[in-house]
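These notes concern the structure reproduced below.
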Amino acid sequence: MNYHEIKNAVIDLSPIEAASSTNPIKKIGGVTLVQRAIITGTRAGIQNFYLWDHKENHISEECYQKQKKCIEKILQEDGRISCSWQWIESIAEYSGKEDVFLYYHYQTLLNVKTLEKFCKSENRIECASQKGNYIRLAKLGFQNLQFSFSFLETLPKRDIEGFIEHLDVFPKKTESRLLESLQSPLEGMVDVYFNRPIGRWIALPLARTGIHPNFVSLVSIGIGILSAICFLSGHYWQSIIAAFMLQISAILDCIDGDVARIQFKESKLGRWLDITGDNIVHIALFICLGIREYHLSPDTTIILLCSLLVFATIVSFFLVLYVQTSLKSAIKNTPFSASFVKLEKFIDKMTSRDFTVLLILGSFLGNLTWFLWLSAIGSQFFWILLVFRIFIAKKNIRNQERKNCS
């Protein structure tokens, strides 16, 4: 049994404690708990959901019907939810065709990778655990339809790695740890040790507002371009302010992806907006820095450096687009998929905004010509090396195709 064969899940909407103030429509990271439970399950391969709730869990029939209608309205209006779902008042009403189904509680927070790992287990009946403690996530069968909470502790347990937590009395702490588990590992040093920690304080409040991540990307681009324009004056303090504005742009550039992931709003448009926006900011920055330095100290070398930077940025942009589209499609499901992942990591590392620290340093020193020199040399090495790695990847693909044909 693998995770592709588990198509049905029962989501328990009953409160764990009678006095619990956490209900299925409570929002975590701008998404209600019941939405989060269904979307996570869908992305892990689940197709049909049974929402288990009954009147005894509520103070009155009116409260039960009110919450039920509210949940139905939320799920029906959510374009991200296209799977099948229905209500059951007892787990014995489960009518899925599969003999094994997934059970988890709406207050059990986990990410897609963690759920997939659990579903991949060969064991048909088991309960998830972490550090030896049972978690309300289990695989059950028709023989387990007479279900009780204490029953979970009688099942074989399996420790699973990855993020999985029960929403406790401090939901903001759990929310913060959930965000941390969703963050992309493909970042530069400045992102890891500066932009990311600061960005975490901004990402969650933004996510709670329901703001679209693409809007965050546009704000980041706008601040970046404004920063570039501020460098034109050549004034000492204005240049320092411009450098810190670019750093703010870099922080926002980090968190737009975090907001997208915790809200389940990742999209191709967001990915391309991120890549294109970065390059627009870089081109504007290099042109404005070139004009600034040329006015401060007229030298045709500065024009040459600026031209090389703009050239390298444009070439790199189209090479990255090629890697993310044509090459990615060609290399998919080949023995070289692992090497493509390494190529993506190389691109992400090399296109990070770690250079903003050097820009701040240069602004304090009052001289940015050396920054242009370093950037011009480094950018040429990047696109040339990227061309070489693309050539090797394409050569491997051609050799594999010849091997398959022979």
Checklist line | From the options SER84, SER14, residue that is of a type in the set (S, T, N, Q) and out of contact with any helix residue (DSSP H, G or I) (no Cβ under 9 Å at 6 or more places or on another chain) | finding: SER84
Check: Out of all the residues in region 39-83, which are closer than 18 Å to HIS166 by Cβ and in a helix (DSSP H, G or I)?
Finding: THR40, GLY41, ASN57
Next item on the list: Return the pairs, sorted by first residue and then second, in which the second residue is at pLDDT below 95 and part of a strand (DSSP E or B), the first residue lies in region 20-44 and is hydroxyl-bearing (Ser, Thr, Tyr), the beta carbons are less than 8 Å apart, and the residues are 6+ apart or on different chains.
Entry: THR40/LEU110
Next item on the list: Scan region 281-309 for residues that are buried (at least 17 other Cβ atoms within 10 Å of the Cβ) and more than 19 Å from TYR236 (Cβ to Cβ) and jot them down.
Entry: VAL281, HIS282, ILE283, ALA284, PHE286, ILE287, LEU305, CYS306, LEU308, LEU309
Item checked: Test set (1) free of Cβ contacts under 8 Å to residues at least 40 places away in the same chain; (2) under 30 Å from GLY234 (Cβ atoms) - SER326 fails condition number -> (2)
Item checked: The one condition in (1) surrounded by 17 or more Cβ atoms within 10 Å (Cβ to Cβ); (2) at pLDDT below 90 that LEU368 fails to fulfil -> (2)
Notebook entry, point to check: Yes or no: THR325 of a type in the set (Ser, Thr, Tyr), closer than 25 Å to LEU374 by Cα and surrounded by fewer than 15 Cβ atoms within 10 Å (Cβ to Cβ)?
Noted result: no
Next item on the list: State all residues of region 213-247 that are without any contact (Cβ under 8 Å) to a residue 60 or more places away in the chain and not in a helix (DSSP H, G or I); if no residue qualifies, say none.
Entry: HIS235
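The rows are residues; the columns are (1) of a type in the set (Gly, Ala, Ser); (2) closer than 30 Å to ALA37 by Cβ; (3) buried (at least 18 other Cβ atoms within 10 Å of the Cβ).
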{"residue": "ALA228", "(1), (2), (3)": "yes, no, yes"}
{"residue": "PHE231", "(1), (2), (3)": "no, no, yes"}
{"residue": "SER249", "(1), (2), (3)": "yes, no, yes"}
{"residue": "LEU252", "(1), (2), (3)": "no, yes, yes"}
{"residue": "ARG271", "(1), (2), (3)": "no, yes, no"}
Notebook entry, point to check: Would region 191-212 turn up any residue that is over 20 Å from SER379 (Cα atoms), acidic (Asp, Glu) and either touching a Lys or Arg at 6+ places or on another chain (Cβ under 6 Å) or part of a helix (DSSP H, G or I) (or both)?
Noted result: no
Note to self: Taking the condition of being in contact (Cβ under 8 Å) with a residue 60 or more places away in the chain and within 13 Å of the chain's Cα centre (by Cα), how many residues in region 171-201 meet it?
What the structure shows: 8
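The values are calculated or read from the model by the stated rules, or taken from the named source; none is laboratory data. Keep in mind it's a predicted model, so treat the numbers as computed, not measured. With ideal geometry, Cβ positions are generated from the backbone for all residues, glycine too; neighbour counts draw on all protein chains shown.
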